[in-house]
1. Quick check on residue 75: is it out of contact with any His (no Cβ under 9 Å at 6 or more places or on another chain) and farther than 18 Å from residue 2 by Cβ?
2. Give region 59-75 a look and list any residue that's part of a loop (DSSP other than H, G, I, E, B) and either hydrophobic (A, V, I, L, M, F, W, C) or open to solvent by 50 Å² or more (accessible area, probe 1.4 Å) (or both), or say none.
3. Does any residue in region 71-94 that is in contact (Cβ under 8 Å) with a residue 40 or more places away in the chain come within less than 9 Å, Cβ to Cβ, of a residue that is part of a helix (DSSP H, G or I) six or more places away or on a different chain, and which pairs are these?
4. For the list (1) in contact (Cβ under 8 Å) with a residue 40 or more places away in the chain; (2) in contact with a strand residue (DSSP E or B) (Cβ under 6 Å, 6 or more places away or on another chain), I need the number of the one condition that residue 15 fails.
5. Please state which of the following conditions residue 100 fails to meet, knowing it meets all the rest: (1) open to solvent by 50 Å² or more (accessible area, probe 1.4 Å); (2) in a loop (DSSP other than H, G, I, E, B); (3) not aliphatic (A, V, I, L, M).
6. Out of everything in region 87-97 that is within 15 Å of the chain's Cα centre (by Cα) and not polar (S, T, N, Q), what residue ends up being surrounded by the fewest Cβ atoms within 10 Å (Cβ to Cβ)?
7. Among the residues of region 13-22, is there at least one that is at positive phi, more than 16 Å from the chain's Cα centre (by Cα), at pLDDT below 95 and of a type outside the set (Ser, Thr, Tyr)?
8. Cβ-Cβ distance below 6 Å, separation of 6 or more or different chains: which pairs start in region 48-65 with a residue that is aromatic (Phe, Trp, Tyr) and end on one that is modelled with pLDDT of 95 or more?
Amino acid sequence: QVQLVESGGGLVQAGGSLRLSCAASGSIISINYMGWYRQAPGNQRELVATITGSSAIDYADTVKGRFTISRDIAKNTVYLQMNSLKPEDTAVYYCTLRGRSGVVTFRDRDYWGQGAQVTVSS
């Protein structure tokens, strides 16, 4: 009952920028946090950034100073501005929402987008 639609991925050269967007829809009751994970070939899915309902932000050390997470509360949309991109940022980026929906109201559940490919060439 919660859908996450991602957009903004693509191919850029090292040093370039991209902005990812993720719009959540459905019977959302409450949101604990929204954020981004990524998974590169040969690696496990790892945290990139999250922003909580109280606006607390957490970044992976590898992206601090380069990436910025933000949100539009009215639209249930989260953004990831990625600057100074490096080849090691190449991965599939997944939007995630932890919260409660109209079909699961007694506990938080994690919801995931389909993934957006980000490729950074050297």
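1. no
2. Looking only at region 59-75, we keep the residues that are part of a loop (DSSP other than H, G, I, E, B), and these are 60-66.
Residues satisfying the conditions are 60, 61, 62, 63, 64, 65.
3. Listed by first residue and then by second, the contacts come to 82/89.
4. (2)
5. Evaluating residue 100 over (1) open to solvent by 50 Å² or more (accessible area, probe 1.4 Å); (2) in a loop (DSSP other than H, G, I, E, B); (3) not aliphatic (A, V, I, L, M) leaves (2) as the failure.
6. Result: 92.
7. no
8. 59/49
The values are calculated or read from the model by the stated rules, or taken from the named source; none is laboratory data. Every value quoted in this text rests on a predicted model; they were computed, and no experiment measured them. Note: ideal-geometry Cβ built from the backbone for every residue, glycine included; neighbour counts use all protein chains shown. The area values use the complete protein model at the heavy-atom level, side chains included, leaving out ligands, DNA and RNA. Shrake-Rupley method; radii C 1.70, N 1.55, O 1.52, S 1.80 Å.
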